[in-house]
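Read through the structure below, which is laid out as C-alpha cells, and then see the notes.
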Amino acid sequence: MLWIKSFHIIAMVTWFAGLFYLPRLYVYHSQALDSISIDRFKVMECKLFYGIMTPGAVVTIGLGLWLWFGYGFSGNWLTAKMVLVGLVLVHHFWCYRELKAFRDGVSPRSHIYYRWMNEVPVLYLTAIVILVVVKPF
Ligand code: HEM
C-alpha cells in the first residue's frame, strides 16, 4: 500500500504543478500582443495540459480509488476530500475551456481575472492535505 500511496502523492504533485502553472501562463498570454509570443504560449499551454497536468490527474485519481476501495478506507474526511477533489476537477476543466478559447483566438479575459483564478488551487490543496493527513473528522 505504501508504494501506491507514494505514487498517489507524486502524481498529485504533478497534477497541482499544472494547476498552478497553467493559469499563470494565461496571465501572461492575455497580455501578449505579438504573434510569436502568442504562438509560443499556445504550444506551452497545450504541452502542459495534455503532457503533464491531465496524466497527473488520471494517475492521482486512479491510485486514490485503488487506495480507497483496495484497502477499505472510510470516514467523513474521505467524503469531504472527495467533494474537494470534485472542485479540483471543475478547476481542471475550467483550465481546458480557457485553453480551447486561447487556441481558437477568442479574446481572453483580463489578466486580473487569471491572477485570481491562479490562487484557487492553493485553497483546495491546503484543505485536501489537512483532511487526509490530520483526518479532523
Ligand atoms: C479521487 C481522488 C482521490 C482519492 C479516492 C484519494 C484517496 C486517498 C486515500 C484512501 C488515501 C490513504 C489515506 C491514508 O493512508 O490515511 C490517500 C492518501 C493521500 N491523498 Fe488522496 N485521494 C484522491 C485524490 C487526492 C488529491 C487530489 C490529493 C491532493 C491534493 C490527495 C492527497 C493525498 C495525500 C497527501 C495522501 C497521503 C496521506 C497520508 O499518508 O497520511 N489525494 N488518498
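The values are calculated or read from the model by the stated rules, or taken from the named source; none is laboratory data. Keep in mind that this is a model prediction, so the values were computed, not measured. Counting neighbours? That spans all protein chains shown, and the Cβs are built from the backbone with ideal geometry, glycine included. Surface areas here come from the heavy atoms of the whole protein model, side chains and all, with no ligands, DNA or RNA. Shrake-Rupley method; radii C 1.70, N 1.55, O 1.52, S 1.80 Å.
Rounded to the nearest 10 degrees, what's the angle between the helix 35-48 long axis and the longest principal axis of the chain, both from Cα atoms, 0 to 90? Approximately 10 degrees, to the nearest 10. Sparsely packed loop sites in the stretch 59-137 (the trypsin sites (Lys or Arg not before Pro) outside DSSP H, G, I, E and B with at most 14 other Cβ atoms within 10 Å) comprise Arg109.
Axis of helix 2-29 versus longest Cα principal axis of the chain: the two differ by about 20°, to the nearest ten degrees. In the chain, the longest principal axis of the Cα atoms and the axis of helix 76-103 are about 20 degrees apart. By the rule of a C-alpha distance below 27 Å, with chain neighbours fewer than 8 residues away ignored, the lysines paired with Lys100 are Lys42, Lys47.
Solvent-accessible surface of the stretch 28-93, averaged per residue with a 1.4 angstrom probe and all protein chains in place: 58 square angstrom. Considering the chain as a Gaussian network with a 10 Å cut-off on Cα pairs, which listed residue, Val85, Val43, Val59, attains the greatest mean-square fluctuation? Fluctuation is largest for Val43. Ligands, DNA and RNA left out, the accessible area of the chain computed with a 1.4 Å probe is 72% carbon and sulfur.
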